[in-house]
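The values are calculated or read from the model by the stated rules, or taken from the named source; none is laboratory data. Just so you know, these numbers come straight off a predicted model, no measurement behind them. Glycine gets a Cβ as well: all are built from the backbone with ideal geometry, and neighbour counts include every protein chain shown. What goes into the accessible areas is simple: the full protein's heavy atoms, side chains included, and nothing from ligands, DNA or RNA. Shrake-Rupley method; radii C 1.70, N 1.55, O 1.52, S 1.80 Å.
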Amino acid sequence: MIALRDVTKEYPGGVRALGGVSLDVAAGELVAIVGPSGSGKSTMLHVLGTLDRPTSGTVHIDGHDVGRLPDAKLSALRASTIGFVFQQFHLASGTRALDNVADGLLYRGLRLGARRDRAAAALDRVGLGHRLDHEPHELSGGERQRVAIATGLAGEPALLLADEPTGALDSVSGDGVMALLRELNGAGTTVVVITHDREIAAGLPRRVRMRDGLVRSDSATDPATDPAADPASGRAGVGR
Ligand code: ADP
Ligand code: MG
């Protein structure tokens, strides 16, 4: 699903956010990206989500060499394949949950009725079928994040990318969001999730640890260097 090769990213001003990252993620995986603030996690997620092009190196998503795709094809690939969930919820205030999600499908070229049908189905899937008409200020933080997740999955992406989806939530809401990501993964969606939370990371099947713009350990390829390595903690995860 994802193949990064020697990916670097330099921002204007000479900041080298990625220093040569290679990473493979197979279809159906659930991967945690961990590492200190500033280590390049979000930059990598943007690059592998095709929101940003690398300075050098190659990115393959679902078999496509992203660097060779013209912008229009890249947008089409992104729209059909990738869903995003960001920590900042990006919900429009004064707009009910149903339309927040439906508006995220505008680029799909669907009619309003079809967008709303899909939005309602996505909200139902995240357990908010009874909150369709609630505006963001009428929802809890956890519910707002679930609306954001519904937006990410309404397009039925094969790949869901989440940047600190539990970062702004209390632990109960965070557990709910993680349970939802696991459930989506169980249904076949490939999920890559950035998290600061050690317990969450320890409970996921694979951890990729970044530092200073590089992958420093990957539990899939080198379990011995995985600081959270614990043979007893598998997909069932650790409790809080
Ligand atoms: P993380 O998500 O791990 O906290 P980021 O990928 O956001 O790290 O940032 C990696 C480095 O790149 C940091 O030094 C950050 O300041 C820098 N950086 C991130 N985005 C930009 C940008 N748009 N312009 C310039 N520098 C950036
Ligand atoms: Mg970040």
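Points worth noting:
- Taking Leu77, Leu160, Leu69 as the candidate residues, the one with maximal mean-square fluctuation in a Gaussian network model of the chain, Cα springs under 10 Å, is Leu69.
- Couplings 3J(HN,Hα) of the stretch 126-133, computed from phi: 8, x, 10, x, 9, 10, 4, 9 Hz, in residue order, whole Hz [Karplus 6.51 cos²θ - 1.76 cosθ + 1.60, θ = phi - 60°; x for Gly and Pro].
- GNM result for the chain, Cα springs below 10 Å: residue of Gly213, Gly13, Gly155 fluctuating most strongly: Gly13
- Zone residues, the stretch 125-155, relative to Leu106, backbone N less than 18 Å from point 7 Å out along Cα-to-Cβ: 136, 148, 151-155
- Surface analysis of the chain yields an accessible area of 46 Å² per residue, using protein heavy atoms and a 1.4 Å probe.
- Where labels lie 7 Å past Cα in the beta-carbon direction, separation of Lys73 and Asp170 in nm: 5.0
- On the basis of the beta-carbon distance and an R0 of 22 Å, Asp6 and Thr221 show a calculated FRET efficiency of 0.85.
- Per atom type, the chain shows carbon and sulfur on 49% of its accessible surface, probed at 1.4 Å.
- Long hydrophobic helices in the chain: the complete DSSP H runs spanning 20 Å or more by Cα along their own axis with mean Kyte-Doolittle hydropathy of at least 0.0 are 171-186.
- Largest GNM mean-square fluctuation among Val193, Val172, Val31, using the chain with Cα springs under 10 Å: Val172.
- Chain lengthening between Glu183 and Asp24 when straightened (0.36 nm per residue, less Cα-Cα): 55.0 nm
- Measuring nothing but how far apart in sequence close Cα pairs (under 8 Å, 6+ apart) lie, relative to its length, the chain scores a relative contact order of 26 percent.
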